[in-house]
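Enquirer: Sharing a structure, written as structure tokens. Questions coming.
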Amino acid sequence: MIFAHVLKMWRLFMRPAICCIAAMAIVPAVAASDGSTLQDKAQTSNSETSSDAIDANELLREIDRNMQPPSFEMYRKLINIEPDGRQREYVLYTIRKDDRVAAVFLDPPSERGRSTLRRGENMWLYVPEVGRPIRITSLQSAVGGVFNNSDIMRLDFSDEYTAELTDKDDTHYILDLQARDQTVPYERLKMWVDRDAVIPSRIEAYADADLLIKTLDYSGIEDFGDGIVRPSRLDTTSPLQKGYRSVMLFSNIRARDLPDEAFTLGFMPRVGELR
Amino acid sequence: MIRPCCLLLSALVLFASMVAADEFVFDIEQYERRTWEVGGHLEGTAEYLRANRKSAVYQLNFPDENKKAFERYQGNLEVSGLYRSEPFSLHSLLNVRYRDDIFETRSDIQFFQLYATGEPTLRTNVEVGKRALRWGTGYAFNPTAFLERPKDPVDPDLSREGFIIAGTEYIRSFSGPIQAFSLSGTILPVTGDINDDFGPENDINLAVRSYLLYRDTDIYFMVRHGDSRPTAFGTAFSRNLADNFEIHGEFAWFDNREIRVAPDADNVPVTRKADPFDLLAGLRYLSVAETTWIVEYYRNGAGYTGSEIRRMATLARENIIFPGLDRGTSRIGRSEFGAPQPMRDYLYVRAMHNEPFDRLYTRAGATLMINLQDGSASIIPEIVYTGFTNLELRGRIAILTGGRNTDFGERLNRWRTEIRARYFF
């Protein structure tokens, strides 16, 4: 048991810091049961221990909604920075609708045209050379090297974690997020939430109760239009990967009414045509 | 005065560079859709082969040679092109190959694919031209690949030449137990000038494939009908049992399938009915230690029996003593006997580990293929490095084991080493 746990830790450590950037970046909205702002509720419930969990979860859903619309497209650049200063860049075009995500690599040339589709817990990889989608395990690397499918194709925080409000100060709420099941790569998240914008400013990812795996820092709040005001940059570091750093840049996050057929195997070679 | 200015300037430059180092640029204009797109790769491969001079395949292919070992150099250029003119687009994949070893120096240039697509609606797609279709859920083997050229399980991801086809596909997505559906129809004509290597008889061959994503399981049904190849029915499935464990399988039935075997004592070509069923069962598993395992069992109904292989190997050796006595054997030997999997039962195991010894951008692993009938096998350890921008380096050693009259024991070489460099553009 201990050995398996150590191996699990090791697997997580081996990934460069970029692993969970995308994970924290894809946070589409799930409409709240009412249209009201929830931060006041969270504030109120903070003094009411019995209702903390419920209100914290509502706050988490509001965070999801603030980060991205229910159906949207976006571009991402992932930059992996090694201790010697070498950099590796990847550019992705991503579409998302409900529990479905599709992403295609636009750069570098060695990855260009590779697309990944997620429908719930199902995941497929399409490689142009192979010419057909192959069902893959969600924890598998999508492109070889640094990226994990679950990281790139992650669903909502509120879909994968339950939240509890543990603390607050003048500028932040602090949420403790516990994984709903074993399918997520991090068992616990500690999230600092900007009280005004209701978006995360920092997340600490733990593989176990006290073992910090990664720290993610959001910055560069930008107005993407259509009421989408959110961070445009995410920096990731890991205390277990000294010297490695990863940056994700977001661009052109736009609400878009996407057809359901865009999230099918037959459409995987054409995801990039939706640009 | 000058010195402080220089120091100040140096400090400013240093500060500016430190700031700039953290200011990343993301100009998405260069990633927007364009009318033209061109990409591809250029690769070079160097191999050293230790020949198995007593093997049947060696003697069939090179009866006049007696080399203990030799080198082989290959170059390969693949250029993919795309031209868009809504709602149509033109796709191409040009392949240029060069090969040089002691037996031959050869170069080829051909379009692996050249086809036009149209999308009357988002749910419908029409394709006409030379197209490489890929059917099946298996990694190394695909019994339901009804419209394809043979795949080499040693390099299953390599591009392959397509056939000239006309086809259409209709796709739908649902929210119920059936989550997605597609239906595709393909016409593959065979004449003296078109697709003449698909089958011996000229005909208009038809193929239909349907797909369902039903309760998180991929399910395919396919049929092929025409005179060029036997009528065939197939089904395939794939499903994740856990987030790190996937299973898949394929089953194909062929009507009146025949295979050529070694000629009889009078050197008359002989054919016999083959087993009508092909089967594949496989899994993909990602271990906690970040190793991907692919395991597949393949039943090749059109494979040879052990006694047939023995007879062909014997005739091939006699061909050295009496060249020209049995040309039929040579023809058969080069096509069927020399195929990637000429016999009936194979076990394929591939393990690839990411970032061994903390080496970023490195993968290491091995591929094992065992002929379950005669116990012969090939094992191919390999290492891949992608640390240089747009460059992939791969090293392999292929070791073949097996005695006389066995599948891998009668191959061209006993072992070989290979270094491949592939540059993407």
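Enquirer: Suppose we keep only residues that are touching a Ser or Thr at 6+ places or on another chain (Cβ under 6 Å) and within 14 Å of another protein chain (Cβ to nearest Cβ) within the stretch B:357-407. Which one would you say is surrounded by the fewest Cβ atoms within 10 Å (Cβ to Cβ)?
Expert: B:Asn390
Enquirer: Restricting attention to the stretch B:145-158, does a residue exist that is open to solvent by less than 40 Å² (accessible area, probe 1.4 Å) and either among the small types (Gly, Ala, Ser) or farther than 30 Å from B:Gly409 by Cα (or both)?
Expert: There is at least one residue in the stretch B:145-158 that is open to solvent by less than 40 Å² (accessible area, probe 1.4 Å) and either among the small types (Gly, Ala, Ser) or farther than 30 Å from B:Gly409 by Cα (or both).
Enquirer: Right, something else. Take the residues in the stretch A:225-275 that are of a type in the set (D, E, K, R), farther than 30 Å from B:Asp358 by Cα and assigned to a strand (DSSP E or B); name whichever of them is farthest from the other protein chains (Cβ to nearest Cβ).
Expert: Per the criteria, the residue is A:Arg230.
Enquirer: While we're on this one: Look at B:Arg404 and say whether it is basic (Lys, Arg) and assigned to a loop (DSSP other than H, G, I, E, B).
Expert: When the stated conditions are applied, B:Arg404 passes them.
Enquirer: So in the stretch B:178-214, with the set limited to residues that are part of a loop (DSSP other than H, G, I, E, B) and hydrophobic (A, V, I, L, M, F, W, C), which one is most open to solvent (accessible area, probe 1.4 Å)?
Expert: Among residues in the stretch B:178-214 that are part of a loop (DSSP other than H, G, I, E, B) and hydrophobic (A, V, I, L, M, F, W, C), the one most open to solvent (accessible area, probe 1.4 Å) is B:Ile194.
Enquirer: Applying the selection to the stretch B:276-290, what residues are open to solvent by 20 Å² or more (accessible area, probe 1.4 Å), more than 10 Å from chain A (Cβ to nearest Cβ) and touching a residue at least 40 places away in the same chain (Cβ under 8 Å)?
Expert: Hit for the stretch B:276-290 is B:Leu279, nothing else.
Enquirer: Exactly one of (1) over 21 Å from B:Asp218 (Cβ atoms); (2) in contact with a helix residue (DSSP H, G or I) (Cβ under 9 Å, 6 or more places away or on another chain); (3) open to solvent by 10 Å² or more (accessible area, probe 1.4 Å) is unmet by A:Arg119. Its number?
Expert: (1)
Enquirer: Another one. Of all residues being among the small types (Gly, Ala, Ser) and in contact with a Pro (Cβ under 8 Å, 6 or more places away or on another chain) in the stretch B:215-269, which is surrounded by the most Cβ atoms within 10 Å (Cβ to Cβ)? Just the residue, please.
Expert: Selected residue: B:Ala252.
Enquirer: Next question. So in the stretch B:161-177, with the set limited to residues that are outside any loop (DSSP other than H, G, I, E, B), hydrophobic (A, V, I, L, M, F, W, C) and within 14 Å of another protein chain (Cβ to nearest Cβ), which one is nearest to A:Asn122 (Cα to Cα)?
Expert: Among those that are outside any loop (DSSP other than H, G, I, E, B), hydrophobic (A, V, I, L, M, F, W, C) and within 14 Å of another protein chain (Cβ to nearest Cβ), it is B:Ile171.
Enquirer: Working only within the stretch B:99-126, note down all residues that are surrounded by 15 or more Cβ atoms within 10 Å (Cβ to Cβ), in a strand (DSSP E or B) and within 11 Å of another protein chain (Cβ to nearest Cβ).
Expert: B:Phe112, B:Gln113, B:Thr117, B:Glu119, B:Asn125
Enquirer: Of everything in the stretch B:20-55, what is closer than 18 Å to A:Gly272 by Cβ, part of a loop (DSSP other than H, G, I, E, B) and among the charged types (D, E, K, R)? Give them in sequence order.
Expert: B:Asp27, B:Glu32, B:Arg33, B:Arg34
The values are calculated or read from the model by the stated rules, or taken from the named source; none is laboratory data. Everything numeric here is computed off the predicted structure, so don't read it as measured data. As a convention, Cβ positions derive from the backbone with ideal geometry for all residues, glycine included, and neighbour counts pool all protein chains shown. Just the protein is used for accessible areas: all its heavy atoms, side chains included, with ligands, DNA and RNA removed. Shrake-Rupley method; radii C 1.70, N 1.55, O 1.52, S 1.80 Å.
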